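Data block below; observations after.
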Amino acid sequence: MTILGKNTRFHWLGLSAFHAETPGGKSILIDPWPTNPSAPESAKNISRVDLILVSVLELSLGGVLE
């Protein structure tokens, strides 16, 4: 079963953060930083997430674990 396909859409959320939407309707956050000042307004409107991938746990970024 392939989750990510050629029609997967990626949205940049500032720095190394991305939101991926798969053709099957899955929502994936990669290295999220909700309080990121460079994140676009659309980053605040993600209503559902199926999977969160974190490459480095940086507690000073806040938001995710608070």
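The values are calculated or read from the model by the stated rules, or taken from the named source; none is laboratory data. For clarity, every value in this text was computed on a predicted model and none was experimentally measured. Methodologically, a virtual Cβ is constructed for each residue, glycine included, from the backbone with ideal geometry; neighbour enumeration extends over all protein chains shown.
Below, the figures for the structure above:
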item	result
Cross-chain or 6+ apart pairs with Cβ under 9 Å, segment 15-30 first and on the phi > 0 side of the Ramachandran plot, then part of a loop (DSSP other than H, G, I, E, B)	Leu15/Asp31; Leu15/Trp33; Leu15/Asn36; Leu15/Ser38; Leu15/Ala39; Gly25/Asp50
Among (1) surrounded by 12 or more Cβ atoms within 10 Å (Cβ to Cβ); (2) at pLDDT 85 or above; (3) more than 24 Å from Asn7 (Cβ to Cβ); (4) of a type outside the set (A, V, I, L, M, F, W, C), the one test that Pro34 misses	(2)
Subset of segment 1-22 (residues that are at pLDDT 85 or above, in contact with a strand residue (DSSP E or B) (Cβ under 9 Å, 6 or more places away or on another chain) and either more than 14 Å from Val49 (Cβ to Cβ) or assigned to a loop (DSSP other than H, G, I, E, B) (or both))	Thr8, Arg9, Phe10, Trp12, Leu13, Ser16, Ala17, Thr22
